[in-house]
Structures are given as structure tokens and as C-alpha cells.
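Read the structure below first, then the notes.
The values are calculated or read from the model by the stated rules, or taken from the named source; none is laboratory data. Every value quoted in this text rests on a predicted model; they were computed, and no experiment measured them. Because the Cβ atoms are built from the backbone with ideal geometry, glycine has one as well, and the counts that use them run over all protein chains shown. Just so you know, the surface numbers come from the protein's heavy atoms only, side chains and all, with ligands and any DNA or RNA stripped out. Shrake-Rupley method; radii C 1.70, N 1.55, O 1.52, S 1.80 Å.
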Amino acid sequence: MAVISNNSNSQEDPLLPWLWSVRKELDILKLNPDSETNLKTITEECIVKFKDDLRYRNDIRFLKIWLLYGDAVQDLESVFIVLEEDKICLSKSLLYIAYANYLEVKGKLVEADSIYRLGISRNAEPLQELKQVHLDLIQRWSDVVNGSKTVNDEPVKLPMKFMNPWASSTINNLLKEINPRMLKYKGYRMLKKNISTKQKLSSLLKNSRNKSVDIGGDKYLIKGCSGQGGFAEVFKACVNSDPNETVALKIQTPAFPWEFYMYRVLDMRISEERSSFAFAHKVYIYSDYSILVCDYLDHGTLQDAINSYVVLNKTLEEELCMYYCIEMLHMLEMLHKVGIIHGDFKPDNLLIRYAQNDLTEEGFCGRTGSWRDQGLCLIDWGRGIDLRLFPDGTEFKGDCRTSGFRCVEMQENRPWTFQVDLYGLCINVHLMLFGKYMAIDKKVFKDGSYLYQPKSAFKRYWNVELWKNLFTKLLNIHPGEDHLKLLRNLRESFEDHMTANPSLIKRLKPLLQKQRNSLCA
């Protein structure tokens, strides 16, 4: 692995002396592979020194330093997670190739495939090389499954119980299984052709406001781009130019019908309080894109509400925190009861709903009257998991790779199911209470048991017992524990506290109105 070139100036490039030291250690190893070197120490110190230096944020030489360090400590997985979280060299194909090779050597073919696809989706350069080594992996995988090859001279046993529910291979296999049902779903439009040049993503992104486009024979008046991510763009649009019928168009490449499937599963399994979860009208499936048509809500997200306090160096009032905590506990209770995991439960994906009529104290606990329209709406089902598609007892070994939202099971490479949503709820509550992401402590006892707790200290004037109980129960749920009963008990404990203190609900009403005035102005 070439680390440096000879035409660099150390005064202009402070990384250069470190690269010379690394090359010296590599030369020693080349002459005698059994030699003891300072490679680990040098690479570690170099990383600490330049980790936050923007000059090397996308420098291939600095990436090689990270990879050499990962080899030295034999933990490339932790290195990849840090690079991912800190957004270092994510545009370099070497990152994905190195980590995928590491996973393949360990026999983790599904995970390796997922990493290659992640790099390709980000157009990591050189892209053609990345695509080629990915194709090579697929060929080797095919040989392994057919029994003609081994990895490291050992037969590969593809795990049946533990799998990554978000891996492209898993999603594609599931889609093949449910495709006959999908074709019958209302709003499912399969268009076996490339999307026309007029409707290309690039044209929609440029000067898109008030442009009428034809999608699958339907007319949409584009009002603007309301969101962009690594895998999709979202546009606000009016159906047939009718301003009273506003929708969100979510455009993804390559085509991704899975999210539409999750919306139809919600339709079939949740009847009461369906408004707590977003609704999809239809999806257009082209050979190279898909366009999902959903309801458009413009009241802001829970993240917007949190940010409106953070900019003032404040945090949400405890009454608001309790109210939204009750909402989220109720959401997960409904979802998990019917075998659905959201998988990306964060404040950006929780839209705020507001009641049209005045709120009254009487309807709070039973969620009746105007309180039925007030609350949250969970969107973005691209990582949704339908447990009924998997054998009973299936557990997962996939990593969401979303900084701050990796549950402890992911962090410790342990299997998980509902924990991914429970941990997300804890993060959301922590953000409301403290205005920052949660860091946790792991206390280990003499008998080998352990306890996870947030590092943040609760304010004395809060209802500390309620909050501590919430975090302790959700962060330390045991395998086999009835987590639905736990969710219900936690929700009822907050509801009982608020109904036993009517002044809390009286204070909550104007806080919600103030929030609405702020976010919807």
C-alpha cells in the first residue's frame, strides 16, 4: 500500500513527516514480517493529531493511515464506524473495498455485499473499480452457496437465524417472495421503462418550482424540493395543480418498492389511530427510479421543535417532554404488537400533528376529542421490518450506521429485534430533555451482570423517578422479556402522573399552541 509520494513539501503538508515514518516501519516489515515495529503507535498518534484537520478530510493518504491502524489493532470494523460517523474519506472506494474484504475474510458475505452497495450508492471513486470488485464478490458468493468454494479453507455456513434485514440481498429476496401480492396493492404502478429525460431527477432538482410533470400518466405541479438525502429527494407537489391536494414525491434511485410495501402493511394491520403513521397513495416503479407519493405535512418535525429550543440555549418544558414521550411509547406499542419495526426511529422522522379544535383536559388520557388529531406522525419507512416475513424467533445482526442511534446491541455486535426502536425512543427523549445526544455508561457488577444508564444528570426539579425508570427499563431489556407490557406500563406511568396533576395538562395546552405558532409561522 503506497502511502506517500516523493514530491511533497513537509512545510506545506504537515502530514508528510508522519507518512515518512509509516513508510519506514512498512519497509522494516517488508524485510522481516516478524519484526516488532512502532506502526500501531505511529498511526494512532497521527490519527489523533489530524482527525479534525479539514485538509485531510478526503485525503487518500490519510485513509491509508486509518486502514493501517485498523490492521494493526485487528479491528477494522471500529475504524469504519468512526470514519462513517466523522464523514472521513467516504468518497473513496478504497474505504469500502478494504472493509468489505475484511468482512469477507471473516465469512460475513452479506455484510460485505452491503458495504460494497453503500460505496456504490455514494459514487465512491474510482467507481468502476468498486463495481468490479463487488461483482467479483457476487461471483465468489455464488460459488460458496453452490458448495464449490470455501473461505480461508473452511466451509462457509451462511447464518439462518441472524441476518441483516437491511442488506440489499435480504430486501430483494423478500420482494421476490411478496411480489405477487405487491402487484395487487392499490396504487402500485409498475412501468417497465426508464423514466423519461423530461422527468429525470436532475431536471426536477433544477428550477423545479411550479413546473408541471407527467408521471405515469398523472400530472403533478412541483412546488419545490423539501428535502434531500443520500438515497432520495423529496418534492412538494400539487395533484393536477390543485393547491388543496398537496403530496410529497419521494424519488429514489435505484427503484425501491420496499417502502411502499411497508405502508400497505400499516394499512392492513393498523386501523385505530392510523393517522399516527404516514400514508402512501401510490408508487411508480421504473427500471431505474421509483417515485413514492405520500401525504404532505408541513407542521415541522420533533427535531424542529427541539432545535427551536436549542438555538435559545434552552430545552423543552417537562410537560412537553412527557406528552411526546407518551406519544412515542404508544406508537411503538401499536407497531410492535402487529410485528412491525420502524428501524429508523429518530426525531427527523416524527412529524408533528396539530388539532383543528381547542384541546380540553377531559380527553387527554383517552386520546379522545381534539387530542385524537394532536400528536406525532411517523414517516420514512425505508428501514421498516415486517417480522411476519421471517421465521419465528429470528434475530438480526445488522447495523443502522446512523451516528447516535446505534443501539447497544449493534455497538457490541449482539443480535437485536425491537431494541433498535426502543433505543431510538431513548435518544429522542434525551434530546428533548437535554438538547443533546445520549451517551451511556455501562456498569458491570461482580456477578457479571451489567446496567446501562445515560451519563447526563437529571435536574432535581424534574420527576426523576419517572425518567430514570424509562431509561433503565428500555436500555436494559432482557431477551425474552415482554417488552409490549413494558411499553404499556411506562406509558401508563406517565399518563397517570399527568392526569393526577391537572395543572400539567393546563400548562401543556398553551405550550403546544406556542410551538405551533413558532413552527408554522
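Quick check: is even one residue across region 456-478 touching a strand residue (DSSP E or B) at 6+ places or on another chain (Cβ under 9 Å), more than 19 Å from LEU376 (Cβ to Cβ) and touching a residue at least 60 places away in the same chain (Cβ under 8 Å)?
yes
Which one of ASP34, ASP86 is open to solvent by less than 60 Å² (accessible area, probe 1.4 Å) and at pLDDT below 90?
ASP86
Would you check which residues across region 274-315 are assigned to a loop (DSSP other than H, G, I, E, B) and charged (D, E, K, R) and list them?
Once the filter is applied, which keeps residues that are assigned to a loop (DSSP other than H, G, I, E, B) and charged (D, E, K, R), region 274-315 yields ASP288, ASP298, LYS314.
Only residues that are over 16 Å from LEU297 (Cα atoms) and either modelled with pLDDT under 90 or in a strand (DSSP E or B) (or both): list them for region 243-258, please.
Residues satisfying the conditions are ILE251, GLN252, THR253, PRO254, ALA255.
So how many residues does region 207-233 have that are open to solvent by less than 40 Å² (accessible area, probe 1.4 Å) and either hydrophobic (A, V, I, L, M, F, W, C) or closer than 21 Å to THR402 by Cβ (or both)?
Of the residues in region 207-233, 7 are open to solvent by less than 40 Å² (accessible area, probe 1.4 Å) and either hydrophobic (A, V, I, L, M, F, W, C) or closer than 21 Å to THR402 by Cβ (or both).
If you go through region 345-361 one residue at a time, do you hit one that is of a type in the set (Phe, Trp, Tyr), in contact with a Gly (Cβ under 7 Å, 6 or more places away or on another chain) and at pLDDT 95 or above?
Going through region 345-361, the residues of a type in the set (Phe, Trp, Tyr) turn out to be 345, 354.
With the extra rule that they be in contact with a Gly (Cβ under 7 Å, 6 or more places away or on another chain), the set shrinks to 345.
Among the residues that remain, those that are also at pLDDT 95 or above are: 345.
Scanning region 345-361 turns up at least one residue that is of a type in the set (Phe, Trp, Tyr), in contact with a Gly (Cβ under 7 Å, 6 or more places away or on another chain) and at pLDDT 95 or above.
So, in region 151-205, exactly how many residues are among the charged types (D, E, K, R), assigned to a loop (DSSP other than H, G, I, E, B) and at pLDDT 55 or above?
Keep residues of region 151-205 that are among the charged types (D, E, K, R), which gives 153-154, 157, 161, 176-177, 181, 184, 186, 189, 192-193, 198, 200.
Still in the list and also assigned to a loop (DSSP other than H, G, I, E, B): 153, 157, 161, 184, 186, 192-193, 200.
With at pLDDT 55 or above added as a condition, the list becomes 161, 184, 186, 192-193, 200.
Count: 6.
Could you give every pair whose Cβ atoms fall below 8 Å, whose first residue belongs to region 504-521 and is outside any helix (DSSP H, G or I), and whose second residue is open to solvent by 30 Å² or more (accessible area, probe 1.4 Å), counting only separations of at least 6 or pairs across chains?
Listed pairs, sorted by first residue: CYS520/ASP298; CYS520/HIS299.
From the list GLN74, GLN128, pick out the single residue that is modelled with pLDDT under 90, over 23 Å from VAL22 (Cβ atoms), open to solvent by 10 Å² or more (accessible area, probe 1.4 Å) and out of contact with any Phe, Trp or Tyr (no Cβ under 7 Å at 6 or more places or on another chain).
Sole residue among the options that is modelled with pLDDT under 90, over 23 Å from VAL22 (Cβ atoms), open to solvent by 10 Å² or more (accessible area, probe 1.4 Å) and out of contact with any Phe, Trp or Tyr (no Cβ under 7 Å at 6 or more places or on another chain): GLN128.
Answer yes if at least one residue in region 254-273 is among the β-branched types (Val, Ile, Thr), open to solvent by less than 10 Å² (accessible area, probe 1.4 Å), in contact (Cβ under 8 Å) with a residue 40 or more places away in the chain and in contact with a Pro (Cβ under 8 Å, 6 or more places away or on another chain), and no otherwise.
No, the conditions are met nowhere in region 254-273.
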